[in-house]
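A.B. asks: My structure is below; once you've seen it, I'll send some questions.
The values are calculated or read from the model by the stated rules, or taken from the named source; none is laboratory data. Just so we're clear, the structure is a prediction, and the values are computed from it rather than from any experiment. Please note: Cβ atoms are built from the backbone with ideal geometry, for glycine as well, and neighbour counts cover all protein chains shown.
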Amino acid sequence: MRRLFPVTDETAAPAPGEGAVGGDGREWGLEELAAAYAYPEPGPGGPRPWLRANMVSTLDGAAQHDGRSQPISSAADMRIFGTLRALADVVVVGAETVRQEGYRPARARAEFAASREAAGQAPAPAIAVVTAGLDLDFSLPLFTSPLVPTLILTGASAAPDRVAAAEKAGARVLTAGEGIGVDPARAVRALADLGHTRLLTEGGPRLLGQLVAAGVLDELCLTVSPMLTAGDAQRIAGGPAVTVPRRFRLVSMLEEDGFLFTRYGRS
Ligand SMILES: NC(=O)c1ccc[n+]([C@@H]2O[C@H](COP(=O)([O-])OP(=O)(O)OC[C@H]3O[C@@H](n4cnc5c(N)ncnc54)[C@H](OP(=O)(O)O)[C@@H]3O)[C@@H](O)[C@H]2O)c1
């Protein structure tokens, strides 16, 4: 048994007199958070795609309350959410989350401008919406005025009029499946072909379940929210169960105000 609080393989030890991370009330700076959550360095063969998910769950496993994740989140959770976005080339998200959470384009943040430029990244990550039906409001800022064009990941048999509407609005449509739907492994390859290897998915549960089942998820950043909601909310990953549970290992854990910010890597 190991005592995991304050955790850490990767997080800096507190300086003498500074107290423990998470226990000292000290707010981690964005730079510290960015260092703690850095994507793996490219190997000798060059960058390969790394897909990280960022999700929040209550103690009883709810991934939303009243249809949104905001009620189970916190200010620190949003700080990590923003940091993970700032590290990513692209944010992959299911269409239902876009519709329910009213997704907007990712914004450029001054704090990360230099590090993104040094990493060869655009000022903000692209949002990539996974959708079969393309039943999206293409007049929204997500499509009409992002800093970098919003991507649509869909299947080869997507309705041509919806594809045309997406492209007319300024979105870039990528085919990543033979039928109506997207094949997760193909989606990862399609994004890598555009040079996007630092991948972040923000769910939702139906999309995440497929990424898990397809074996393309490298890492899960899971916020455990100190709340109980009961009810019948979705868990963070849904859909058909995998045959053998996928094993992940704990990489790091931070705490603030009772929220645990865990980071698990594929074993
Ligand atoms: N706790 C958290 O961290 C967290 C994170 C995100 C979301 N949420 C919550 O989760 C809820 C929404 O999640 P959800 O699971 O219902 O939906 P979702 O995964 O966000 O989106 C499902 C939609 O994505 C598209 N899609 C998924 N897999 C696809 C595939 N293989 N090929 C093509 N399209 C595919 C389909 O879009 P079309 O219908 O357009 O074809 C499908 O209806 C919201 O309440 C949100 O607040 C929670």
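A.B. asks: Hey, among Phe143, Phe138, which residue is modelled with pLDDT of 95 or more, more than 30 Å from Thr229 (Cα to Cα) and outside any loop (DSSP other than H, G, I, E, B)?
C.D. replies: Numbers: Phe138 fails: outside any loop (DSSP other than H, G, I, E, B).
The match here is Phe143.
A.B. asks: Residues to consider are Met78, Met55; find the one that is at pLDDT 95 or above, under 16 Å from the mean Cα position of the chain (by Cα) and either within 18 Å of Glu32 (Cβ to Cβ) or in a loop (DSSP other than H, G, I, E, B) (or both). Please lay out each step first, then the result.
C.D. replies: Working: Met55 fails: either within 18 Å of Glu32 (Cβ to Cβ) or in a loop (DSSP other than H, G, I, E, B) (or both).
Unique residue meeting the criteria: Met78.
A.B. asks: Just to verify a result, which residue in segment 126-141, among those that are within 11 Å of the ligand (Cβ to nearest atom) and crowded, with 22+ Cβ neighbours inside 10 Å, is farthest from Leu208 (Cα to Cα)? Talk me through it step by step, then tell me what you get.
C.D. replies: Start the filter on segment 126-141 by keeping residues that are within 11 Å of the ligand (Cβ to nearest atom), which leaves 129-136.
Filter once more, keeping what is crowded, with 22+ Cβ neighbours inside 10 Å: 129-131, 136.
Numbers: Val129: 13, Val130: 11, Thr131: 13, Leu136: 20 Å.
The qualifying residue farthest from Leu208 (Cα to Cα) is Leu136.
A.B. asks: Determine whether Gly67 is within 12 Å of the ligand (Cβ to nearest atom), touching a residue at least 24 places away in the same chain (Cβ under 8 Å), farther than 18 Å from Phe261 by Cβ and buried (at least 18 other Cβ atoms within 10 Å of the Cβ).
C.D. replies: Details: within 12 Å of the ligand (Cβ to nearest atom): yes; touching a residue at least 24 places away in the same chain (Cβ under 8 Å): yes; farther than 18 Å from Phe261 by Cβ: yes; buried (at least 18 other Cβ atoms within 10 Å of the Cβ): no.
Criteria not met by Gly67.
A.B. asks: Being of a type in the set (A, V, I, L, M) and at pLDDT 95 or above is the requirement here; does Ala36 meet it?
C.D. replies: Numbers: of a type in the set (A, V, I, L, M): yes; at pLDDT 95 or above: no.
Against the criterion (of a type in the set (A, V, I, L, M) and at pLDDT 95 or above), Ala36 does not qualify.
A.B. asks: Please tell me if Thr97 is near the ligand (Cβ under 10 Å from one of its atoms), farther than 15 Å from Leu200 by Cβ, β-branched (Val, Ile, Thr) and crowded, with 22+ Cβ neighbours inside 10 Å.
C.D. replies: Numbers: near the ligand (Cβ under 10 Å from one of its atoms): yes; farther than 15 Å from Leu200 by Cβ: no; β-branched (Val, Ile, Thr): yes; crowded, with 22+ Cβ neighbours inside 10 Å: yes.
Taking the combined requirement at face value, the residue does not satisfy it.
A.B. asks: Sticking with this one: Taking Thr58, is it in contact with a helix residue (DSSP H, G or I) (Cβ under 6 Å, 6 or more places away or on another chain), farther than 20 Å from Arg116 by Cα and among the hydroxyl-bearing types (Ser, Thr, Tyr)? Write out each step before concluding.
C.D. replies: Details: in contact with a helix residue (DSSP H, G or I) (Cβ under 6 Å, 6 or more places away or on another chain): yes; farther than 20 Å from Arg116 by Cα: yes; among the hydroxyl-bearing types (Ser, Thr, Tyr): yes.
The answer is yes for Thr58.
A.B. asks: Quick one: Ala106 ticks every box in (1) part of a loop (DSSP other than H, G, I, E, B); (2) away from the ligand (no atom under 16 Å from the Cβ); (3) of a type in the set (A, V, I, L, M); (4) at pLDDT 95 or above except a single one, so which number is it?
C.D. replies: The failed condition is (2).
A.B. asks: Could we say that Val90 is more than 14 Å from the ligand (Cβ to nearest atom), surrounded by 18 or more Cβ atoms within 10 Å (Cβ to Cβ), under 19 Å from Leu153 (Cβ atoms) and in contact (Cβ under 8 Å) with a residue 24 or more places away in the chain here?
C.D. replies: Numbers: more than 14 Å from the ligand (Cβ to nearest atom): yes; surrounded by 18 or more Cβ atoms within 10 Å (Cβ to Cβ): yes; under 19 Å from Leu153 (Cβ atoms): yes; in contact (Cβ under 8 Å) with a residue 24 or more places away in the chain: yes.
So Val90 fits the description; yes.
Yes/no matrix, rows are residues, columns are (1) farther than 18 Å from Arg52 by Cβ; (2) free of Cβ contacts under 8 Å to residues at least 60 places away in the same chain; (3) surrounded by 14 or more Cβ atoms within 10 Å (Cβ to Cβ):
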{"site": "Ser225", "(1), (2), (3)": "yes, no, yes"}
{"site": "Ala233", "(1), (2), (3)": "yes, no, yes"}
{"site": "Pro240", "(1), (2), (3)": "yes, yes, no"}
{"site": "Phe248", "(1), (2), (3)": "no, yes, yes"}
